[in-house]
Amino acid sequence: MKSTIILFIISIVIGSNTYSQDISFPIDRAVFQRSSNAATATATVTFAGEFTESASGSGTTNNATYEIRRLRIDGVDLGAYTGPVSFSGTEKTRIGTSVGYTYYFTLNIPTGWYQFNLKNGSNSVVKSIKFGVGEVFIIAGQSNAQGYGATGFGYSGVNNTFDCVVSLKNVQNISTDGGGVGYVSDYVNLERPVFGLLRYTTDIANPGNNNPWIGPNCTRTWYYLHLGEWLAKMHGVNPLTTTNGNYTTQPPVPIMFYNVAVAGTSINNWEGAMKKTKGFFNSTYTNPLNNTNNPYSIPNITDYPSVIPWGFTTDYDKLFTVFKNVLSFYGGMFGVRTVIWHQGEAETKTLLNINKSGIYKLQGTVPSGYDVKNYGTKLKAIIDESRTILPSLQWSIYRTSLITEELSSSSTKHENIVNDYSYPGLPTQSWLYSVPGTSPSMSAVQIGSNDVNANVIKQQEVLQASNSSYISLLNNTDTYTTLTTSWPYQSSRQADGTHFNGNALYSLGLNIFQTSPSSSALTTTPVSPTPIPKPIISGSSGSYTVSLQAPSGISYVSHQWYANTSSNFNQAASNSTPNFTMNYSNTSFTGYVKDNTGRISIIPYSHIIGVAGARVSNESNIMTIFPNPILHNEDLGIEYEVLDESKENIVLEVVNKTGEVLYTETVKKTKSGKNKWTVKRDLLGKTNDFDFLYVRIIDREKVSTKKLVVLH
C-alpha cells in the first residue's frame, strides 16, 4: 500500500501543472484597527495572493473563488459575510499568457473575527487564514509596562479560552531570568510579523509551550490578558452567545498588543534613544541608515552618551529604534488605537539618589543639571517624534512614580517612595527614613523639593492638559498600595514593593479604559491601516517583471526586492529600483517598500506557480535531494554543485507551500564542487498525510529549487 501511495505521489510531482492557490495578505491572526469604538465601525483590509486555474484550463477562464466568513470569538462559523464569488476583472491580474494570476483588492470590513477562504473551481477550500477588525495597542515605558517577576504572567483567572487577544509573537533573544527583560537583538532587520494567541502561563523557561509573548520586548501576559478580555466584550455581550443575527450590532472585538517597554528605563533613556535614532535618518525616516561604515552602530551624540543616567547596557540605545520599527512597520500596515505609556519610577529613583546619595542600590550616575521639571518637555518630544511617523497617533499616560527605598548595604526595604504632589497623607519634607533595625515606617515618603511642579505626576498631568486632543490620562498607579501591618506592606505590589502583583494586575486590566478620564482614549480618532502595494506582473515566460501600484496618496521612495518569500527588511539597505525581474531560476519574489512618510509595507509575495518556466521539469539540475519522496524515519540529504568557489553567503532553505521557512542554513564560504547537507526529518513538520515542500538554494544571484514530497 505504501509503495502505491509513493508511485501515485511521484506521478503527481512529475505530471502536475502545479495548480495552486495562496494567500500572502492578510497574515494569519492579524488585527486591523477599526475607525471608531462603535460596534459597526470598519477597517480597510487588503487581500492579496495568487492562484492558477485548473490543469485543463487554457488560461482564459478563471475558476478560482474566494469567500469571507464571520467567526464567533471561539472560532465557530457564523456563516458567510461575502461569497463565494469569482475574482472580478479589477481584483485579478493575469501573469502574461500563463494560467497564473495574482489577486489584490481592498474591502471595508466591520468589527469582528473573520476567515478568508481561497477556493478552487470545485468549490473546495485550498487555503484559509483568520483575521480581525478591532483594537490595536502599543505598550511603552519601563518594567510595570513590560512585565516583571514571577507573578508577571498575569492572573490565572483569565486563560484566554476565547480567541480574543493576539500579540506579535516573533520575539528575538528574550532572556529567561526572573526579570524577563528582553530586546530585539537585531534591530536593523525587521521581521515579517507572526501573530499568536496570548495565553496565561507560568513556564517562563519554555514560553513556546504557550504564548506569553507580547513582542518584541515582553515575555509576560501581565495585565494585558485581562484588558484584552474586557475589550473583547465591550459591546455588552458574551461573545460566545453572539449569533449571526446580532453580529453587526454586538460583535466580538479582536484585540492586538505590541510591547516595546524595557525595564528600568528613564525619560532620559527614551529621549536620548530618540535623538540617537533621529541621527540615523532624515526628518521623515525615508532614508536607509546613514552610517555607511557601520550601519549597526549608534551615532555618537555628545549630549547623550550610551549609558546615562540609568542604563547599564547599550541596549537602552535601541529603545526608540525598536519603537519606530513597530510604528512604521506594524502600525502603518495594521493601524493603532493608542500608545499605553507607563513610566516614572526611574525618575523617583533618581530624585532619591540626588537627595539621599547612594541609598538606592545600582543607581547610575545622575547627569549634571538633572531636573525632574524637564520630564514633561522630554516626554512631549518623544510623543511628537512618534507622531511624525504616524501623525494621528494617540497616547494614553499612566500617572506613575512609586518605588520602594532599598539600602544597598543590607538590601532592606523601608519606605514607599513617591513623587506625587497629591499623594494622600503626604508627609513633610523631613525624610521619614527608618533607622536600620527598628520598625519600618508605614508612611509613604515624598521626595524632591517643595516646588509643586518638581514631580513626575504633576508633569504628566500638565502635559496632558495642554495636549488633550491627542493625550489621555490613565489611572494614578501610586494609589495601588494598600499599606498593611506586615511585610510586604503593599498587597498590590510584589515583594520588591515596586512591581504590581496579581491583585493590581487584575484591577488595572479591568479598569484602564472604563473610568474617567481614561475612557477618552477609546473615543479619539485612531491611526487607520495603510493598504499594502499591489504587485503587477508583466512579460513572458522566463522574463517577468514585477512593478508596484501604490494606494492613492502614497508614493514609494525606496524598495527592497528578494528572490524568495522569507527575507527580512534591512534598514541599512535600500535601492530605488521600482521593478523586479524574474527568470527561469527565480520563480518567487517578495520585498518591502518605504513610502514618503517613512512607513514600511510588505510587498505581497508570489511563488508564480503554474507559470511556464517555473514547473518541476525546469528545476535545478545542479542540486540533488534524496530520498524523494522521504519517509517518516528518514533524514533528507542535499547535494549542490558549486561551479566556482564562492566568497559570498550561500543560503539553504526548506519552505512549505505558504512560503514559511522550516529550515535554513547559511554557508559563509563554499568550495567549488559538490557540497552536502543533511536536514533532520523532525524539522520538516506535518500538516497532512503527505506534504509538498521546496528545497531552495540561493547562490548569489542564482536560485535553485527542488520539490520534495514528505510522507508521514
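Just so it is clear, none of the values below were taken in a lab; they were calculated from the coordinates. Given the structure is predicted, the values throughout are model-derived calculations rather than measurements. Cβ sites come from the backbone with ideal geometry, for glycine too, and all protein chains shown count toward neighbours.
Going from the residue with the fewest nearby Cβ atoms within 10 Å to the one with the most, Ser507, Ser552 rank Ser552, Ser507. With θ taken as phi - 60° and the Karplus curve 6.51 cos²θ - 1.76 cosθ + 1.60 applied, the whole-hertz 3J(HN,Hα) list for the stretch 382-389 is 5, 4, 4, 5, 4, 7, 6, 7 Hz, x standing for glycine and proline.
For the pair Ser552 and Thr479, label points projected 7 Å from Cα toward Cβ lie 4.7 nm apart. For Tyr370 and Thr666, the difference between the fully extended length at 0.36 nm per residue and the C-alpha to C-alpha distance is 101.8 nm. Between Asn503 and Phe626, the modelled label-to-label distance comes to 6.9 nm, taking each label 7 Å out from Cα in the direction of the beta carbon. Under 5 Å between amide hydrogens, built in the peptide plane, is the criterion, and for Ile139 it picks out Tyr258, Asn259, Val260, Ile340 among residues at least 5 positions away or on other chains. Database remark: amide H of Arg220 closer than 5 angstrom to the amide H of Ile214 (H placed geometrically; neighbours at sequence offset of 5 or more, or on other chains; Pro and chain starts carry no H). 3J(HN,Hα) along the stretch 272-285, derived from phi through the Karplus expression 6.51 cos²θ - 1.76 cosθ + 1.60 where θ = phi - 60°, amounts to x, 5, 5, 5, 5, 4, 4, x, 5, 10, 7, 5, 10, 6 Hz, with x in place of Gly and Pro.
For Asn596, the residues whose modelled amide H falls within less than 5 Å of its own, excluding neighbours fewer than 5 places apart on the same chain, are Ser555, Val557.
A Förster radius of 60 Å combined with the Cβ-Cβ distance from Gln514 to Lys674 puts the calculated FRET efficiency at roughly 0.35. Taking other C-beta atoms within 10 Å as the exposure proxy, Thr590, Thr400, Thr678 rank Thr678, Thr590, Thr400 from fewest upward. Arranged from fewest to most other beta-carbon atoms within 10 Å of their beta carbon, Phe137, Phe626, Phe47, Phe105 become Phe626, Phe105, Phe47, Phe137.
Given a Förster radius of 25 Å and the C-beta distance between Ser128 and Leu240 as r, what FRET efficiency does 1/(1 + (r/R0)^6) yield to the nearest 0.05? Calculated transfer efficiency: 0.70.
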